[in-house]
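The values are calculated or read from the model by the stated rules, or taken from the named source; none is laboratory data. Keep in mind the model is a prediction, meaning the values are calculated, not measured. Neighbour counts run over all protein chains shown; Cβ positions are idealised from the backbone, glycine included. Please note that ligands, DNA and RNA were not included when accessible areas were found on the heavy atoms of the full protein model with its side chains. Shrake-Rupley method; radii C 1.70, N 1.55, O 1.52, S 1.80 Å.
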Amino acid sequence: MLLQAKQAVKRFSSGTPNEVIAVKDISLDLSAGEFLAIHGPSGGGKSTLLLILGGLLRPDSGTIEINGRQPYALSAEDRASLRATEIGFVFQQFHLIPYLTVIENVIAPGLAPRPAGKESSHTELHQRAVELIEKFGLAARADHKPGELSTGERQRTALARALLFKPPLLLADEPTGNLDDENARIVLTAMKEYCAEGGGVLLVTHDARASEYADRTLTIRDGQLQAENVPA
Amino acid sequence: MSVWQIIIKEIRHRKLNFCLSLVAVAVAVAFLTGAISLLNVESAITHWLQNQHQAEFEKKIELKQEEVQKAGQELTEFARKNGLLLGFNIWILPENQSLNELHVSGEISQTFPESYVHKLSEAKVVTINHLFPMVIEKLTWEEKGIDIILTGTQGEVPILHRTSKKPLQDQVPTGSMVLGYNIHSELNLKVGDKVQLRGKEFEITELYDQRGTKDDSTVWINLKEAQELLGRQNLINAILALECNCASVDRIGEIRQELASILPGTKIIEEKSRALARAESRNKAKQEAEESLAREKLSGMTLLEDQQHNRDQLEQQLSFFTTVLIAFILICATIWLGLLTYNNVRQRRNEIAILRAFGVRSHQILTTIIGRNLIIGVLGACAGILIGFLAGNVYANWSGTQASAGYETPLTLHLTDLQAGSSLILIFLLAPVLALIAGWFPALLASREDPASILQSEN
Ligand SMILES: Nc1ncnc2c1ncn2[C@@H]1O[C@H](COP(=O)(O)OP(=O)(O)OP(=O)(O)O)[C@@H](O)[C@H]1O
Ligand SMILES: [Mg+2]
């Protein structure tokens with residue numbers, strides 16, 4: 001199993017009158033080559049769940065396993081290394097680095113040290129970045145900075161960056177939230193293709209269009225997974 | 001993509017923060033460099049002034065020494081020409097003898113024992129050569145009806161430890177009489193004439209030519225006979241010492257010192273001549289020159305010391321003031337740079353969080369922040385040193401001209417007077433170190449921050 005969550009719980013401001021249980025007792029599985037979409041209304045706990053699954057936010061209880069390793073049982077540095085090797089992130093707000101060009105942003109994860117045997121040379125990274133940029137229709141924008149890009153272009157840059165090292169697991173937060181149909185199609189198709197190549201994709205969104213591409217769709221509301229409907 | 005590329009690109013992106021940071025370091029370093037330049041310039045000027053004053057002082061002293069030497073030479077020359085150093089005459093008189101009486105009436109009424117002369121001749125005196133004990137009395141030569149100065153003289157009493165010397169003056173033998181010019185010319189007496197004095201017969205053995213002194217009115221007879229005639233057995237009025245050999249020009253002082261211990265109860269006076277008076281004035285001139293030299297030396301030294309002290313004090317105050325100022329500026333600059341770095345780190349929270357999410361290590365984040373400050377430190381140091389150095393140079397030129405105004409040689413200060421290489425290296429190292437200190441806390445904050453909280457809050 002690529003990703004497994006067991007009874008993950010996350011509370012915010014616990015013990016105060018403002019206590020929020022953002023993630024309630026969530027268990028889920030994701031295997032390699034699978035495209036899982038999680039729907040839910042705003043404030044439903046989608047982003048929180050994604051951070052927990054991505055080894056960025058420690059749950060109050062429950063366990064997470066990524067390729068058989070529990071990120072929260074590791075030291076911070078080992079967890080960072082696990083993220084570097086196993087996970088690609090696409091965030092709701094893209095978080096592109098403003099002073100780097102598109103291609104530099106895509107290569108930026110290369111800063112993180114790679115485990116022995118998985119190092120890539122600069123030319124390899126560059127090669128791969130160029131491929132991704134071309135694939136996402138950004139070739140003409142390769143040397144532009146994020147400030148000069150449209151939202152869709154930024155979104156695609158963020159996706160290209162997440163896929164630089166071909167991580168086994170791609171976690172995407174609202175990657176189509178701000179996109180028109182055409183851009184949404186490009187992004188979702190790319191994810192679908194990525195699954196076909198053996199990557200696992202977990203996408204959280206309130207965009208209904210995503211369901212068409214997903215192998216499986218779950219709904220999260222008030223921090224709880226509601227029902228599981230597999231498209232026919 | 002390396003950490004350093006990230007740093008450079010970030011600097012080019014956020015120029016304002018970078019420039020302000022650079023200014024902070026450059027200003028602090030410029031002040032530090034300038035202050036050290038200032039202190040070094042002041043110290044160089046002090047040194048220069050001191051040398052000038054020292055040289056002036058030495059020149060003055062040299063002139064004075066020349067004066068002294070010249071006065072000494074003149075004196076020696078004069079003494080040599082006038083035979084003064086060969087010897088001169090003094091009178092040894094009873095201590096209670098009034099000099100006024102002697103000078104007004106030519107009489108010596110006080111006496112001391114004749115044994116004094118023997119005491120003196122037995123003592124190992126070195127300052128006097130020939131001793132003549134005398135009785136002297138002004139009296140009326142009843143038989144001839146004329147006033148005379150009767151002098152009883154024994155001739156030289158040899159100084160026992162130097163007997164080899166031949167007597168200077170022959171004794172007036174018993175029964176014989178020597179007459180001064182006035183006496184023999186007025187009385188029309190010749191050598192071989194027999195005369196009576198107070199009922200005693202004398203044969204005239206010698207007549208002196210005119211001398212223009214009281215010698216012209218003097219009658220010399222044998223000491224013993226004079227003592228008997230005057231009823232002063234074993235007493236004398238004076239000892240005439242001829243040819244005193246003295247090493248220094250202060251003859252009287254030297255002789256007085258020697259005789260005081262041998263013959264207490266006496267005093268000595270010099271038989272003055274005009275030449276001697278002139279020699280004395282020359283001696284005085286030499287002494288004055290010597291004293292003036294000594295005074296000049298003393299006052300010059302005190303002046304030099306005072307000047308040195310004043311400059312030292314000035315420098316101390318200056319160095320204290322600049323130290324305080326520089327410490328203050330360095331602290332302010334460090335705080336300023338710290339705040340700017342903190343501001344920069346706040347602006348970069350997102351990018352730092354995303355890098356962390358992708359597995360970039362916290363020490364790499366630390367390096368990007370610290371590395372940026374290192375660049376700021378090095379560039380700021382270069383700029384600051386350049387500015388401080390140029391400003392220091394302007395100050396040095398101005399200050400050198402000011403300080404050397406009124407001196408013959410203008411003062412030109414060199415670069416090495418502004419800064420020693422070692423202090424420049426130290427400043428050059430100090431700036432990046434301060435920049436690192438300033439960046440340390442913000443960098444640590446940034447590298448420790450939980451990326452989730454940022455990524456989440458932005459979602
Ligand atoms: N750091 C936090 N402190 C307190 N409450 C939080 C915090 N982060 C999230 N929450 C709360 O947890 C709940 C889930 O938030 P989350 O961001 O996961 O929702 P979401 O499903 O991603 O919403 P959206 O679709 O608008 O992005 C919300 O009610 C939110 O207010
Ligand atoms: Mg969200």
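In this label model, B:Thr140 and B:Ser2 are separated by 13.5 nm, measuring between points 7 Å along each Cα→Cβ vector. Of the residues B:Tyr116, A:Tyr99, the one with the largest accessible area comes first in the ranking B:Tyr116, A:Tyr99, computed with a 1.4 Å probe on protein heavy atoms.
Dividing the summed -39500 (n - 2.57) terms of all DSSP H runs of n ≥ 4 by the residue count of chain B sets its mean residue ellipticity at 222 nm at -21500 deg cm²/dmol. Work out which GluC sites (Glu not before Pro) in chain A are exposed loop sites (DSSP not H, G, I, E or B, at most 12 other Cβ within 10 Å) and give the longest gap free of them. It works out to A:20-118. FRET efficiency for the B:Phe321 to B:Glu66 pair, using the beta carbon distance and R₀ = 56 Å, is estimated at 0.75. Multiplying the residue separation of B:Ala294 and B:Gln347 by 0.36 nm and removing their Cα-Cα distance gives an extension gain of 11.3 nm. Under the membrane-span-like helix rule (DSSP H runs whose alpha carbons stretch at least 27 Å along the helix axis, mean Kyte-Doolittle hydropathy 0.5 or higher), chain B yields B:362-404, B:421-448. Within chain B, the longest run free of exposed loop sites, counting trypsin sites (Lys or Arg not before Pro) that sit outside DSSP helix and strand states (H, G, I, E, B) and have at most 13 other Cβ atoms within 10 Å, spans B:273-459. A Förster radius of 60 Å combined with the Cβ-Cβ distance from A:Lys6 to B:Thr401 puts the calculated FRET efficiency at roughly 0.10. Taking every DSSP beta bridge that has both ends in the stretch A:3-229, the antiparallel portion is near 50%. For the stretch B:373-459, GluC sites (Glu not before Pro) meeting the loop criterion (DSSP other than H, G, I, E, B) and having at most 15 other Cβ atoms within 10 Å: B:Glu408. Which whole-number percent of Cα pairs in the protein assembly as shown have a distance greater than 43 Å? Counting every Cα pair in the protein assembly as shown, those more than 43 Å apart make up 60 percent.
Only Cα pairs under 8 Å and 6+ residues apart enter the sum, and on that basis the relative contact order of chain B stands at 28 percent. Once the chain from B:Thr409 to B:Leu430 is taken as fully extended at 0.36 nm per residue, the excess over their C-alpha distance is 3.7 nm. Taken residue by residue and averaged, Cβ atoms of other chains lying within 10 Å of the Cβ of B:9-17 number 2. Residues B:Asp193, A:Asp78, ordered by accessible area of protein heavy atoms at a 1.4 angstrom probe radius and largest first, appear as A:Asp78, B:Asp193. Beta bridges from DSSP with both residues in chain B: antiparallel share about 80 percent, rounded to the nearest 5.
Take each peptide in B:316-324, A:2-10, count the other Cβ atoms within 10 Å of every residue, and average; sorted highest first, the result is A:2-10, B:316-324. Here the label points at B:Glu186 and A:Ser75, each 7 Å from Cα along the C-beta direction, are separated by 13.7 nm in the simple model. Per-residue extension of 0.36 nm, minus the Cα-Cα distance of B:Glu77 and B:Thr205, leaves a gain of 42.1 nm for this segment. For chain A, lysine pairs with C-alpha atoms less than 27 angstrom apart, excluding pairs fewer than eight positions apart on the same chain, total 17. The magnitude of the dipole of the stretch B:171-211, with charges of +1 and -1 set on the Cβ of Lys/Arg and Asp/Glu and taken from the Cα centre, is near 120 debye.
Residues whose amide H lies under 5 Å from that of B:Glu206, counting only those 5 or more places away or on a different chain, are B:Met177, B:Leu179; hydrogens are built 1.01 Å from N in the peptide plane.
Peptide A:87-100 is shielded by partner chain Cβ atoms: per residue, an average of 6 of them sit within 10 Å of its Cβ. Between A:Lys135, A:Lys46, A:Lys118, the Gaussian network model of chain A with springs among Cα atoms under 10 angstrom shows the greatest mean-square fluctuation at A:Lys118. Using heavy atoms of the protein chains and a probe of 1.4 Å, the accessible area assigned to B:Tyr181 is about 80 Å². Heavy-atom surface analysis with a 1.4 Å probe gives the stretch A:3-229 a carbon and sulfur content of 45 percent of its accessible area. Summed over both chains, the accessible area lost when A and B associate is about 2800 Å², using a 1.4 Å probe. By the Cα gyration tensor, the stretch A:1-49 has an equivalent ellipsoid whose semi-axes, rounded to whole angstrom, run 25, 13, 6 from largest to smallest. The alpha-carbon of B:Lys194 sits under 27 angstrom from the alpha-carbons of these lysines, leaving out residues fewer than 8 places away in its chain: B:Lys138, B:Lys144, B:Lys214, B:Lys224. Here the relative contact order of the stretch B:1-150, from alpha carbon pairs under 8 Å that lie six or more residues apart, stands at 10 percent. Say R0 is 56 Å: what FRET efficiency, to the nearest 0.05, do A:Glu65 and B:Arg12 get from their beta-carbon distance? E(calc), rounded to 0.05, equals 0.85. For chain B, the solvent-accessible area of protein heavy atoms averages 52 Å² per residue (probe radius 1.4 Å; ligands and nucleic acids excluded). D by Stokes-Einstein for the stretch A:3-229, Kirkwood Rh over Cα pairs, 10 °C, 1.306 mPa s: 89 µm²/s.
The value of relative contact order for chain A, using C-alpha pairs under 8 Å at least six residues apart, is 31 percent.
Across peptide A:101-107, the mean count of Cβ atoms from other chains lying within 10 Å of each residue's own Cβ comes to 2.
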